[in-house]
Structures are given as structure tokens and as C-alpha cells.
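Here's the structure we're looking at; comments come further down.
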Amino acid sequence: MIILPKKKKFYITTPIYYVNSQPHLGHAYTTIVADMIVRWHRLKGEDVFFLTGTDEHGEKIQKAAEQAGKPTGQFVGEISEKFKAAWKSLNISFDDFIRTTEKRHEKVVMEFTKTVYDKGDIYKGSYEGLYCYGCENFKTTTELVNGRCPDHPTIALEQISEGTYFFRLSKYQKKLLQFFEKNPEFISPVNRREEIINRVKDGLKDLSITRPKDRVKWGIEFPADKGQVIYVWFEALTNYLTAVEWPKGKKFKYWPADVHLVGKEIVWFHSVIWPAMLFSAGIEQPKKIFSHGWWTVNGQKMSKTLGNVVDPVEFSKKYSVDIVRYFLVREIPLGDDGDFSEKALINRINGELVADLGNLVYRVLSLVEKFKGRIEGNPQLDKKLNLGKIDGYMEKLELHNALAEIWEFIRATNKYVNENEPWKLQGKDLGNVLYNLLESCRVISILISPFLPETSEKINKQLGTKTGALNKCKFTKFSGKIKKGEYLFRKVE
Ligand code: ME8
């Protein structure tokens, strides 16, 4: 029996999104970025698992369903479907879409909570404080701006006083700080890391992790007290374990997560509360929490509460799915904030997509169409490709740099056309130049496939080639059957 070497595994997650209203461009951003990363790892031949889904319990959702006048179960089901449909239309290649109202999740949450309880890390107490339904979290007075939560200025805070169970978060302060010290890349990018470490150094308060059932009905029952439901964040974070069948399922081979990709407003939950929960339950830590920035519209954070949301699906109908995907990732480095503007999007279409990529493929195929000789020769253009550099950027999650490096190759190929002036060549010389150009286009179709999957497929169709894994990015014999089609992108006036 031949034993094949075990494939490297790669597990990436997005936050699970609240179903209190529709998916918007901010949610699409995180999901698209995760999709590009996972597609890159698939190209490398790794055994990947990509998880996304919806966060469906808690007061905020309960209230939204009441406002919509619908039974809560029906309400959450409808919106969860909208997220799923949006991700399908944006070409998101998720392996699992989890819903926190599923039985499999309830089972894992119960078992996880019991494990932490048995460890002695949960105790009964009472809580008094100001609660923000937008964040589903208590706020301290120092966090407020003009008496309101800065992230949800339109939602009035509520004074709450009630019996609750606490998780001994404070117990893990030292262990967390040691862990951050030993794993400098755990919280990325670095600027967020410093903020978190300083906050943990200031001291950790135990976390209220249940809500009385007479106030919050829509949740998973707390196993140790039937009068309480589990706090939505404590429950939601556990989804990352549910999907990989903790503690003993087959999919648990994917744990620990390689990347939890999140927006910067929830990095605290992921880099402090979640690791403390895992320490308590005796489960290995994820490898990286990467928090990205926010998209704003006219300088304001895009949010359901502010009502200034951009619909990613509508936008992709107006331009194309690939254009929206490309723009979001090329426009800002992962980790930075960005302001959404249609003008900037149009500039990217007309520049990089039409003038560089679209023009290259069209030019090459037009030349090949007229040529009757043999397309063969010596690899020359492959020296312009730095695959190691592109992969290095992808490993560091510098997607905009990876794209810029791919574009270097596209531009080098265009330059090769201009320098060799194939329209003046004939016979073997022309065959050689066309060989280099076709192999280059084929390689480009592989490299762009994680970012622009539809365009990659179109190029393959026109070249008559099949897309391959990353190890097919070497120049070999060109064996496609050309079928020139439409321009890949149209100029926007
Ligand atoms: O926080 N710019 O869900 P949520 C960029 N259910 N990204 C944005 C964005 C913006 N303007 N707005 C939202 C929750 N996002 C919890 C998560 S995880 C166990 C539980 C993205 O529906 C970003 O990824 O409020 C952010 O973290 C996430 O959507 C918040 O989605």
C-alpha cells in the first residue's frame, strides 16, 4: 500500500453575521477576503475548510422579529437564506454555512458550557449596568460618547439589573498575556495587538454569560439553570467548534482554526474572551485572529442602524461580481479602513481590468487567430513571474500586494508584446512570441482565479485550457484550442 504524505490543512472562518437585517457590503468584504484566501490555499493543494454562517439568537434578533411582526424562527430563517443567497451570487466557496439555531450547535454549546462549568469557571452572581442591544454587551461609562454607545448612537442604552452567571475571565489574565507574548502574530495586524495587550494589562472583569429567560427567550438554555439562557456571544463564538464537530468528530482534524477573520470592532471577543474560553475548556488555541478595518460611506461607518448600507449584490449586478471582489481587496490593505466610492471603482475598472488584463488577453488572442504556424518556442516571459513573492504576500494576508505583484506580471506581458512587435514577425519567431504570450495568459488565469473566479474561467474558455493548481504556473507546452470571445471587461465612461 502506498501511503501518501498528509496534506496540509487550512481552516478559515468569518464572523457569523447577525440576522437582524440584510447582508451589506461590509459583511461581503470579510466574506470575499476569506474566500480569496481559501481559494489560494486550495490552489496550493491544501485540505481546506471554509466556514461562514449566521448568528441567530439574542435580544437584538428577538426585537427585530417582533418589529417585523413575524415569528422569530421564520424571521431568522428568511434572513439567513438571504445571506446564503448573497454569498452564492458573490461566488463564495464556503464549505459550511452554520446557523446557530441548528441542533448540532445547541448540542456543542451545551457540552462546551458544561465543560467550563465543571472546571469551576462559572459562578452565580448579579449584574447591574448599562446595556447596548446593538453590541449585545454591557458598557462602562468611560466607553460612552454623549451618553451613547459610539458604534450604535441611535440605540438608547438600557439600565439592567439582574441575576446572572459569570465566567471567570479574570482568572486568565496572566495566561493570556503569556500567550500573546509567546505568539506575537496571534493578534494581527500589530497595531491592534498593542491595544488589546494594554487593555488586558489594565485588568479583566468576569463576564456575565447568561440572561434571565423572562427577559430573553430566544437563546440556548443554560444547562445548570433552566431559568437562564446563554449569552449570545458566549454561544456564538462556540460555532467555530460546532462546525468542526468538537470534541470527537471526523472534521475535528481541521482544528485549530488557522485564521479567524473579523472586523476590528469584535477583535476583543475573538482575541481575549474566546481564548480564555478555550483555555478553560482545555482546547488548543486558534493560530491567528486577523482584524480588518471598516468600510465607510462618505466617512460614516456602514451600518444597519445608520441606514447607509451599500447592497453588494445590487452592485455586482451593475458591474460584475469579479469587479466588486477585485475593487474591495485592491483598494485598501487588509487591516486599514477605506471609504467606498463608485468613482474609485470605475478608475480600477478602466485601468487595471480593461487596459491591463482585458486588453492583454484580447490582443494576444487576436494575434493568434490570424497565425497559421506552430505555436511553440522557448520560455522567456516566465522569468518575469515571482510566484514565491506572491505566495509570501498571501501567507501574510497582504492580498492587495499579492494582486499588485500579479499585475506586475500582467504588465510585463503587455510590455513583451510592445517590445517584440509580433505584428511585424513571421514563422518561427512569431510562433515563439505567441507561445510565450499564451502560456503567460494561461498562468495569469490560474493566479487570478482566487480573486476573479469568473474572469479566470472566461480566459480558460478562450484559451481552450483547463485551470490548474498553483504548480501548473510553469511554462510548458501550450496545448489549448483558441476560441476568442468577448472582451473580458468593458470600459465605463
Ligand atoms: O458582530 N466594514 O455580527 P455582525 C467592514 N454576530 N466590515 C464590516 C462592516 C463595515 N462597515 N460592517 C460589518 C457580529 N462588517 C456577530 C459576530 S462571531 C462569533 C459573531 C463585517 O452582523 C465585519 O466582519 O454585526 C464585522 O466584524 C462583521 O461584519 C459584523 O457582523
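Using alpha carbons only, what's the Rg to Rh ratio of the chain with Rh from Kirkwood? Mind showing how you got there, number by number?
Numbers: Rg = 25.5 Å, Rh = 24.7 Å.
Expressed as Rg/Rh, it is 1.03.
Based solely on its DSSP helices, what 222 nm [θ] is calculated for the chain when runs of n ≥ 4 H residues each add -39,500 (n - 2.57) and the sum is averaged over all residues, nearest 500 deg cm²/dmol?
-13000 deg cm²/dmol
Can you give the FRET efficiency to the nearest 0.05 for K250 and K8, using r as the Cβ-Cβ distance and R₀ = 25 Å?
The calculated FRET efficiency here is 0.90.
Could you run the Karplus curve 6.51 cos²θ - 1.76 cosθ + 1.60 with θ = phi - 60° over segment 145-156 and give me ³J(HN,Hα) per residue in whole Hz, x for Gly and Pro?
Using θ = phi - 60°, the values come out as 10, 6, x, 10, 5, x, 7, 9, x, 8, 9, 6 Hz.
From the gyration tensor of the Cα coordinates in segment 427-483, what semi-axes in whole Å does the equivalent ellipsoid have, largest first, with each one equal to sqrt(5λ)?
Semi-axes from the Cα gyration tensor: 20, 12, 9 Å.
Using the Cα centre of the chain as the reference point, and only Cβ charges (+1 on K/R, -1 on D/E), how large is the resulting charge dipole? Debye, rounded to the nearest 20. Intermediate values should be presented prior to the final figure.
Details: 76 positive and 62 negative charges, 359 e Å.
I would put it at about 1720 debye.
Note down the Stokes-Einstein diffusion coefficient of segment 389-453 in µm²/s, whole number, using a Kirkwood radius over alpha carbon pairs, 10 °C, and 1.306 mPa s.
Reported coefficient: 122 µm²/s.
Starting from the Cα of V310, move 7 Å in the Cα-to-Cβ direction to define the label point; list residues of segment 145-163 whose amide nitrogen is under 16 Å from there.
Counting backbone N atoms under 16 Å from the label point, the list is empty.
What is the gain in length, in nm to one decimal, between K182 and R104 on full extension, counting 0.36 nm per residue of separation less the C-alpha to C-alpha distance?
Once the chain is fully extended between K182 and R104, it gains 24.7 nm.
Give me, ordered by chain and number, the residues 5 or more places off G338 or on other chains with an amide H under 5 Å from its own placed amide H.
W294, W295, T296
Pop a pseudo-label 7 angstrom from the Cα along the beta-carbon direction at both A85 and K318 and give the gap in nm to one decimal.
Output for this residue pair reads 2.0 nm.
Using mean Cβ contacts within 10 Å as the protection proxy, how do 350-363, 261-274 order, highest first?
Ranking the peptides 350-363, 261-274 by packing returns 261-274, 350-363.
May I ask for the angle, rounded to the nearest 10°, between helix 453-463 and the longest principal axis of the chain, with both axes built from Cα atoms and the value confined to 0 to 90°?
Helix 453-463 and the main axis of the chain meet at about 20 degrees.
Cβ neighbours within 10 Å, averaged per peptide: list 446-458, 218-230 in order, most packed at the top.
446-458, 218-230
Compute the distance in nm between two label points, each set 7 Å from the Cα along the Cα-to-Cβ direction, one at D96 and one at V190.
Simple spin-label model gives 3.5 nm for this pair.
Just how far, in whole angstrom, is segment 105-124 from segment 250-304 if you go by their alpha carbon centroids?
So the separation of the two Cα centres works out to 20 Å.
Taking the chain as the reference, fit the longest principal axis to its C-alpha atoms, fit the long axis of helix 359-370 to the helix C-alpha atoms, and give the angle between the two in degrees, 0 to 90, nearest 10.
30
Please give me the summed charge of the neighbours of S80: other residues whose Cβ is under 11 Å from its Cβ, Lys and Arg +1, Asp and Glu -1.
-2
Please give the contour-minus-distance gain from T476 to Q173: 0.36 nm per residue of separation, less the Cα-Cα distance, rounded to one decimal in nm.
103.5 nm
Using a basic spin-label model with each label point 7 Å from the Cα along Cα→Cβ, how many nm lie between K415 and E342?
3.6
Compute the long axis of helix 103-118 from its Cα atoms, compare it with the longest principal axis of the Cα atoms of the chain, and write down the angle in degrees, 0 to 90, nearest 10.
Compared with the principal axis, the helix lies near 50 degrees.
Using square roots of five times the C-alpha gyration tensor eigenvalues, list the equivalent-ellipsoid semi-axes of segment 260-318 in whole Å, biggest first.
Output for segment 260-318: semi-axes of 32, 13, 9 Å.
Quick one: what Rg and Dmax do you get for segment 138-201 from the alpha carbons, in Å?
15.8, 41
Considering just Cα atoms, how many Å³ per residue does the convex hull of segment 342-472 enclose?
Dividing the Cα hull volume of segment 342-472 by its residues yields 111 Å³.
So what is the diffusion coefficient of segment 35-163 in µm² per second by Stokes-Einstein at 10 °C and 1.306 mPa s, using a Kirkwood Rh over Cα pairs?
87
Where a number appears in this text, it was derived from the coordinates with a stated rule and is not lab data. Since we're looking at a predicted model, the values are computed, not measured. With ideal geometry, Cβ positions are generated from the backbone for all residues, glycine too; neighbour counts draw on all protein chains shown.
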